[in-house]
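See below for the structure under consideration.
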């Protein structure tokens, strides 16, 4: 599992600039009549339920034909959605805003989860607080949400990135460098948190749990799909909630499916699962009504201030709540 949740790396900007020049019923719902929907996802605990949906036939039960595409590289999934090579993808709000700033036409239709501890800033022995990072070498993948988390954490401590020696490294390499003693702290996501914490005396000094709502993950679809086949979008959203229901009723089997897709054991997967808060239908409705508009504005401003994008993305058409509103509890 690597390369999850990039805020928008140079490779995605290049592609964008080029391109822009569970309620089971006795009788399955009728097909939407649409062509197969290409749905992407990648390595993150909040997105592995899609694998359960596929293996348990829940897409078909909701009348939608889905080609589920797993991406080893999260970057590739962003590229695929931005260029229309897939119709839907699970990705962060940060990345969606950055993609839109680059010219993509994308719409958030569902909150999969919030990261509530799986993204962490981990420091070596003797570094006990965020303030202790001043003058230290800190590694993270440039432009990832863990880089974003680092900036948030530094700001909370009254510091900026200029107060540390930032070392940009791919997430797996950053974790390895930390364990090898080459850097003083690291920003990583699960499962690389487990790797980093193998360094004797290391400890987590900040995590996404300290910044509620800062790292939300979503089902994002192309605006073209919404315009052409809103019934298919509705079926995807309905399938998600059916899947979460199925997982709740069949947790041991569901954990096996998700852990296998993640390439880890069930015990390790349960650890990652605890750092991810899957949103209920009611939480989705509340988020679209209140939290997401505010978060989008804040993250947009942060992306511009941090020079992660050149101009603020338009928020018009970003959020579409009608699909979660139409799901029957």
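FYI, it's all coordinate maths here, none of it is from the lab. Please read all numbers here as calculations on a predicted model, not as lab measurements. Note: ideal-geometry Cβ built from the backbone for every residue, glycine included; neighbour counts use all protein chains shown.
The listed peptides 288-296, 187-195, ordered by packing as a protection proxy, come out as 187-195, 288-296 (highest mean of other Cβ atoms within 10 Å first). The alpha carbon centroids of segment 73-105 and segment 256-281 are separated by 23 Å. Each of 203, 144, 243, 311 has some number of other Cβ atoms within 10 Å of its Cβ, and from fewest to most they run 311, 203, 243, 144. Taken along the Cα-to-beta-carbon direction at a fixed 7 Å, the label points for residue 35 and residue 271 span 4.4 nm.
Remark: relative contact order (segment 119-210) = 47 percent; criterion is Cα-Cα distance under 8 angstrom and separation of 6 or more residues. For a Förster distance of 41 Å, can you work out the FRET efficiency between the beta-carbons of residue 136 and residue 67, rounded to the nearest 0.05? So the FRET efficiency works out to roughly 0.35. Here the label points at residue 291 and residue 194, each 7 Å from Cα along the C-beta direction, are separated by 2.6 nm in the simple model. Most tightly packed first, judged by the mean number of other beta-carbon atoms within 10 Å of their residues, the peptides 97-104, 153-160, 121-128 read 97-104, 121-128, 153-160.
In this simple spin-label model, placing a label point 7 Å from the Cα along the Cα-to-Cβ direction at both residue 260 and residue 311 gives a separation of 4.9 nm. Our compactness index for segment 119-210, the C-alpha radius of gyration over the empirical 2.2 N^0.38 Å, is 0.90.
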